[in-house]
Number of protein chains: 2
Amino acid sequence: VTVYLVGAGPGDPGLITVRGLDLLRRAEVVVYDRLVAEELVAEAPEGALLVARDRHDQPEVNRLLVEHGLAGKEVVRLKGGDPFVFGRGGEEALALAEAGVPFEVVHGVSAIGSVPGAAGIPVTHRGVSQQVTIATGQACDGASPEFAALANAPGTLVFFMGLARVGRLADGLLAAGRSADTLAAVISKGTTHEQRVVTAPLSELASAVERAGLEAPALVVVGDVVALRERLGLD
Amino acid sequence: VTVYLVGAGPGDPGLITVRGLDLLRRAEVVVYDRLVAEELVAEAPEGALLVARDRHDQPEVNRLLVEHGLAGKEVVRLKGGDPFVFGRGGEEALALAEAGVPFEVVHGVSAIGSVPGAAGIPVTHRGVSQQVTIATGQACDGASPEFAALANAPGTLVFFMGLARVGRLADGLLAAGRSADTLAAVISKGTTHEQRVVTAPLSELASAVERAGLEAPALVVVGDVVALRERLGLD
């Protein structure tokens, strides 16, 4: 194998996997996402070629991975969270497969469970939620029947999204019939030392987020599990 | 902190986090799930008290964690996947919080992304799926309107479930209007050396699983992303 698509986890550098860190420590080329912890990028060996992903668009990243892979380099593509969960890792894997470059996916800790968890919110909990629906902020721009179904799905909703869309999301959920006192949380920079959390009923979520001046990246959690935060006393 | 709820990851011992392994290596008490890799349990220090979780019911496990925590022991509760994603970690955390025992959740790699991924299936993929719904096999025993909504949710469905329910799940999805040629995969012992994968249209899923003689634990993935498996060539 020459190219490894490695999940770096949600932010806290201690949440990379043992195998991911091993591979990173012997990589010759590291292509890393902007949101990957600096401490992890610093684990690459001296002399490794370090490439910041955000200076390249996706087709360029794919081409870089294929080129270095074909050259027989040990390449680590260090991605936030898990490569195959809202990470576009499938596109990179497909480019490698089509070019005949051997590759391996090293899964990582997705934000889905860990970011709500770091805010004291289990996404599932017996008697509270046994279902989780994960979508992006784009969902609320979509066709309204689909968004209504999402809005009314039982259990917990988790949205990967920009903070600018929080108001539109809350309004959409309310318009689709969610009650105004449905609890929600917005977690900024989850699992890092700069983590901040805002919880509010849906009807007040956007103004609470604005008042707090939260910064990206953010994750939004909607549902009764948000109430567990206080009982667990984690913060 | 005295009690750590640590996610051991989906099966492959290399997928525990760096922080999780560090804590395990200095634990005085380790309470481990049946599905946690033996290689990980073996990382506990000599002389550590090792407790197999499956010989205790959940209230007993909670009590054990509280007792050893109150005694000031370094306790690692080693759980499959992520503690807060279908892991009952919230119940253990709540028991500790209520007893005033300091604890920390160390998130892990959930099966949600990693088990389909190890079978060559990204749960999200641009132009194919931008939404993931995760439920348990119990969902198909539930009230039919709720199950119909789940069955018709856009994107990818992921079910944590026993193999005995696969037929009932497929029948339920078909009865709720999913087309017979909807692709599905069942992944047995995902990410381990014993991993086996069966893919089939929904209408043939149960018979394909039975023919293959798959063993627990299993995860079921339903949706168009299953077709990516062949294109990615991962197995």
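Nothing in this text is a laboratory measurement; each read-out follows from the coordinates by a stated rule. Remember, predicted model here, so these are calculated numbers, not experimental data. We place every Cβ from the backbone using ideal geometry, glycine too, and count neighbours over all the protein chains shown.
Assuming a ≥ b ≥ c are the square roots of the Cα gyration tensor eigenvalues, decide whether the protein assembly as shown counts as rounded (a/c under 1.5), prolate (otherwise, with a/b larger than b/c) or oblate.
Verdict is rounded for the protein assembly as shown.
What is chain A by shape, rounded, prolate or oblate, if you read a ≥ b ≥ c off the alpha carbon gyration tensor as root eigenvalues and call it rounded for a/c under 1.5, prolate for a/b larger than b/c, and oblate otherwise?
Taking the square roots of the gyration eigenvalues as a ≥ b ≥ c, chain A is prolate.
Placing +1 at every Lys and Arg Cβ and -1 at every Asp and Glu Cβ, with all other atoms neutral, what dipole size does chain B have around its Cα centre, in debye to the nearest 20?
It comes to approximately 340 debye.
Please list, in order along the range B:189-195, the HN-Hα scalar couplings obtained from phi with the Karplus expression 6.51 cos²θ - 1.76 cosθ + 1.60 (θ = phi - 60°), rounded to whole Hz, x for Gly and Pro.
6, x, 6, 9, 5, 9, 4
In what sequence do B:78, A:40, B:183 fall when counting other Cβ within 10 Å, fewest first?
Lowest to highest Cβ neighbour count: B:183, A:40, B:78.
Using the charge dipole of the protein assembly as shown (Lys, Arg: +1 at Cβ; Asp, Glu: -1 at Cβ; taken about the Cα centre), state which of A:110, B:48, A:14 has its Cα farthest towards the positive end.
A:110
May I ask you to sort B:3, B:61 by Cβ crowding, counting other Cβ atoms within 10 Å and putting the fewest first?
Fewest-to-most ranking of B:3, B:61: B:61, B:3.
If you average the alpha carbon positions of the range B:115-132 and of the range A:1-51, how far apart do those two centres end up, in angstrom?
22 Å
In sequence order, what are the phi-derived ³J(HN,Hα) couplings for the range B:116-129 according to the Karplus relation 6.51 cos²θ - 1.76 cosθ + 1.60 with θ = phi - 60°, rounded to whole Hz, with x for glycine and proline?
x, x, 5, 9, x, 10, x, 6, 10, 7, 4, x, 10, 8
Along the charge dipole of the range B:144-225, which of B:175, B:148, B:208 sits closest to the positive end, that is, farthest toward it, with unit charges on the beta carbon of Lys, Arg, Asp and Glu (+1, +1, -1, -1)?
The listed residue farthest towards the positive side: B:208.
State the antiparallel share, in %, of DSSP beta bridges confined to the protein assembly as shown, rounding to the nearest 5.
Close to 50 percent.
List the aspartates and glutamates whose Cα sits under 19 Å from the Cα of residue A:189, skipping any in the same chain fewer than 8 residues away.
A:12, A:33, A:38, A:39, A:54, A:82, A:210, A:215, A:235, B:104
Taking other Cβ within 10 Å of each residue's Cβ, how do A:107, A:56, A:125 sort, fewest first?
Final ranking by Cβ density, sparse to dense: A:56, A:125, A:107.
Starting from a Cα-only point model with no solvent, please compute log10 I(q)/I(0) by Debye for the range A:101-235 at q = 0.10, 0.12, 0.17 1/Å.
Log10 of I(q)/I(0), two decimals: -0.31, -0.44, -0.85.
Suppose every Lys and Arg Cβ carries +1 and every Asp and Glu Cβ carries -1, with no other charges. What dipole size does the range A:78-210 come out with about its Cα centre, to the nearest 20 debye?
Charge dipole, the range A:78-210, about its Cα centre: 300 debye, nearest 20.
Given charges of +1 on the Cβ of Lys and Arg and -1 on the Cβ of Asp and Glu, with all other atoms neutral, how large is the dipole of the protein assembly as shown about its Cα centre, in debye to the nearest 20?
Roughly 340 debye, rounded to the nearest 20.
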